[in-house]
2 protein chains.
Amino acid sequence: METVTIKDIAKALNLSTSTVSRALRGSHEINEETKRMVLEYAEKLNYRPNPIALSLKENRSRAIGVVVPEIANNFFSQTINGIEAIAYNRGYHVVIFQSHESYEREVVNIEHLVARKVDGLLISLSSHSTNVSHLSELHEKGLPVVFFDRVADTIETSKVVADNFKGAFTATEHLILTGRKRIAHFTGSPWISVTQERLLGYKAALEKYNFPFEESLIKHYEFGTNEAKEVVFELLENKPDAILVSRDKLTLSCLAALKEKKVKIPDEIAVVGFTNLTVADLLDPPLTTVCQPAFEIGQTAIELLLDLIEKKDKTPQYKTIKLGIEMIIRESSTKLL
Amino acid sequence: METVTIKDIAKALNLSTSTVSRALRGSHEINEETKRMVLEYAEKLNYRPNPIALSLKENRSRAIGVVVPEIANNFFSQTINGIEAIAYNRGYHVVIFQSHESYEREVVNIEHLVARKVDGLLISLSSHSTNVSHLSELHEKGLPVVFFDRVADTIETSKVVADNFKGAFTATEHLILTGRKRIAHFTGSPWISVTQERLLGYKAALEKYNFPFEESLIKHYEFGTNEAKEVVFELLENKPDAILVSRDKLTLSCLAALKEKKVKIPDEIAVVGFTNLTVADLLDPPLTTVCQPAFEIGQTAIELLLDLIEKKDKTPQYKTIKLGIEMIIRESSTKLL
DNA sequence: TTGTATGCGTTATCAA
DNA sequence: TTGATAACGCATACAA
């Protein structure tokens, strides 16, 4: 795979590489005629500057590193689309890594990205990343980092999240107002920010209506342990009449578990899922969802990051942006209440 | 973001950069004691070789470029997981780009990847890539390229696909054997390989059972045009009693369209979807699917690619691998036949 | 066993 | 207006 370099052009045109470089960069300290010649010839040979050489020289790459727990997930793939849409327009490209919910993989991924001299980092923490020193070090060294969705409270930088508290509050309130008495919450690892916020929202709604908080109605599922369905079965033993579920996969597992136990939805148990599943409408009954604005989260996050990158000289303006979350109550999901 | 370089180590230890380099590379032409010292100090400073400098020097990157139409799609995200699993173990990393079903984006993506000196390319063509000269040129220049799923017949290199012919044949035969008389086929752009293979399988099954082939029972949907649901409505005018649908999104659109028209599935119309949707079991009735081995396709593709890359000196051994496809007939989807 | 010099592709600085 | 040179980080051919 040989490629055309400035040298090739210089040799062919009997010029020095610096002159060719100037011509290509559109410098003004150059003869118009020479410039024309160079550009023409470069075009003919389909010359492309070598970004690797540029990276080495400038110690940057015009690339953004993105680390997500997984991409086979509606929320994250939609977020990535939002990130890409903006990055593409602003001349950056996006390098995506998956942590697969593993702390170790996350650390390795980030090392790779840093070694590759990404100009900034967008990250949603793996569910096992309780220690974030790998990130705080980078942040202190001056690498622009923006968190989205699963954030680290201990690191002071920009963050973009959905209003998980409000989402959980609204969903729980909805269940209460439609007559549910024993509302369970099936959620993810207790130490990730999203889980905590949702749990708080759930509790706040219970409190508002003077519902008792029952520990046994909360179940956490941790990735890579037992089957999520089993956890739902345990939950069912405590006789909930509604379940508020966090995240795509847990929602699917919950529905599968209920189906397996032949539980009638929503007659016996109502379900509300925090999910960006595209099939919620097709289910029977249609699933009531609390939907995160994934695309917008991605867009907002990359915009904040690019701002940090491009104003790197000034003292950084960190922002935490909380985007509205939408609850979609689909017809018939509450029909029997 | 300053980083530790060989120079820093050399200076601190009063050595030349070459000695340090040798120590780090584990060369044998070096004093054991010096080596120990260097390694120790490098460890202490958390030295990491700069892959960009290496890329510039060696004209390669230990990175694989992957171009897919979109990642917010079960099939492709699962494929990417397969690719990553192998690449990671063999010391390569994976750079993912989306063509968003656009020929122009695909061309730009590939240019980026080539400029970044990827060691090889894995690609599933966008639905608008009828012209593949951008790829054949690269292939002729010696860049290892492996196609998966949506392949280019005109380029002679390794390819990994599912047995789409057989999948469509089996599905159609299943519909025939369960008593369907007017089997429609709702599918994607006519010029992509997958569409063609499936169409052939569908036709072959009809032929085997002496069913007439009816042009009006075939509908193609092209991304970015009108609504997929509208196309299904058109199809319904021709009174099918079964629909074989290609791809995730089309299957969802088809189900949504049927639901909107209050068509009873499978009583009035049976549906079989070529899809890797994880919710097929949860639908009512459960959806019969023809399921591509996405993870394995990814694994196989990257293995072939790495073989091409690592045996670049020898004359390349191109293979076309067709992986088995699985039809999952879920209970009750045929209950009334 | 170690050091010096060179080159990968590009641009910035300085000299002509 | 143009050219020569150095530098980015690393590895290696060659010299010591």
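The values are calculated or read from the model by the stated rules, or taken from the named source; none is laboratory data. Since this is a predicted model, take the numbers as computed values, not measurements. FYI the Cβ positions are ideal-geometry reconstructions off the backbone, even for glycines, and counts take in every protein chain you see.
Odds and ends about this structure:
- Residues that are in contact with an Asp or Glu (Cβ under 9 Å, 6 or more places away or on another chain) and closer than 25 Å to B:Ala280 by Cα, drawn from region B:233-248: B:Phe233, B:Asp241
- Selected residue (criterion: farthest from B:Leu175 (Cα to Cα)) from residues of region B:236-265 that are buried (at least 21 other Cβ atoms within 10 Å of the Cβ) and more than 14 Å from chain A (Cβ to nearest Cβ): B:Ser246
- Residue in region B:286-306 that is without any contact (Cβ under 8 Å) to a residue 24 or more places away in the chain and either surrounded by fewer than 16 Cβ atoms within 10 Å (Cβ to Cβ) or of a type in the set (Gly, Ala, Ser) (or both) present: no
- Taking the criterion of being closer than 21 Å to A:His220 by Cα and among the β-branched types (Val, Ile, Thr), the residues of region A:110-160 that qualify are A:Thr130, A:Val151.
- Checking each residue in region B:275-311 for being within 14 Å of chain A (Cβ to nearest Cβ), more than 21 Å from B:Phe165 (Cα to Cα) and either of a type in the set (Ser, Thr, Tyr) or in contact with a Pro (Cβ under 7 Å, 6 or more places away or on another chain) (or both) picks out B:Thr278, B:Ala280, B:Pro285, B:Leu308, B:Ile309.
- The combined condition, being out of contact with any helix residue (DSSP H, G or I) (no Cβ under 6 Å at 6 or more places or on another chain), farther than 27 Å from B:Thr195 by Cβ and surrounded by fewer than 23 Cβ atoms within 10 Å (Cβ to Cβ), is not fulfilled by B:Leu56.
- Residue within region B:50-57 that is under 23 Å from A:Val118 (Cβ atoms) and either among the charged types (D, E, K, R) or modelled with pLDDT under 95 (or both) present: yes
- Note on region A:40-53: among residues that are part of a helix (DSSP H, G or I) and within 12 Å of DNA strand D (Cβ to nearest atom), the one that is surrounded by the most Cβ atoms within 10 Å (Cβ to Cβ) is A:Ile52.
- Output for region B:33-71, where each listed residue is within 10 Å of DNA strand C (Cβ to nearest atom) and of a type in the set (A, V, I, L, M, F, W, C): B:Met37, B:Val38, B:Ile52, B:Ala53, B:Leu54, B:Leu56
- For region A:154-182, the tally of residues that are within 18 Å of the chain's Cα centre (by Cα) and among the aliphatic types (A, V, I, L, M) stands at 4.
- Qualifying residue in region B:9-27 (condition: among the basic types (Lys, Arg), over 25 Å from A:Leu54 (Cβ atoms), within 10 Å of DNA strand D (Cβ to nearest atom) and surrounded by 14 or more Cβ atoms within 10 Å (Cβ to Cβ)): yes
- Pair list, Cβ < 9 Å and 6+ apart or interchain, from region B:14-29 residues that are more than 14 Å from chain A (Cβ to nearest Cβ) to residues that are aliphatic (A, V, I, L, M) and near DNA strand C (Cβ under 6 Å from one of its atoms): B:Thr19/B:Ile30; B:Arg22/B:Ile30; B:Ala23/B:Leu15; B:Ala23/B:Ile30
- Residue count for region A:30-63, restricted to those that are of a type outside the set (A, V, I, L, M, F, W, C) and within 14 Å of chain B (Cβ to nearest Cβ): 13
- Checking each residue in region B:1-32 for being assigned to a loop (DSSP other than H, G, I, E, B), near DNA strand C (Cβ under 7 Å from one of its atoms) and touching a Lys or Arg at 6+ places or on another chain (Cβ under 8 Å) picks out B:Glu29, B:Ile30.
- Qualifying residue in region B:87-96 (condition: of a type outside the set (Lys, Arg) and either surrounded by fewer than 15 Cβ atoms within 10 Å (Cβ to Cβ) or within 16 Å of DNA strand D (Cβ to nearest atom) (or both)): yes
- Candidate set: region A:59-86, residues that are surrounded by fewer than 21 Cβ atoms within 10 Å (Cβ to Cβ) and within 16 Å of DNA strand D (Cβ to nearest atom); chosen: the one farthest from B:Ala85 (Cα to Cα): A:Asn59
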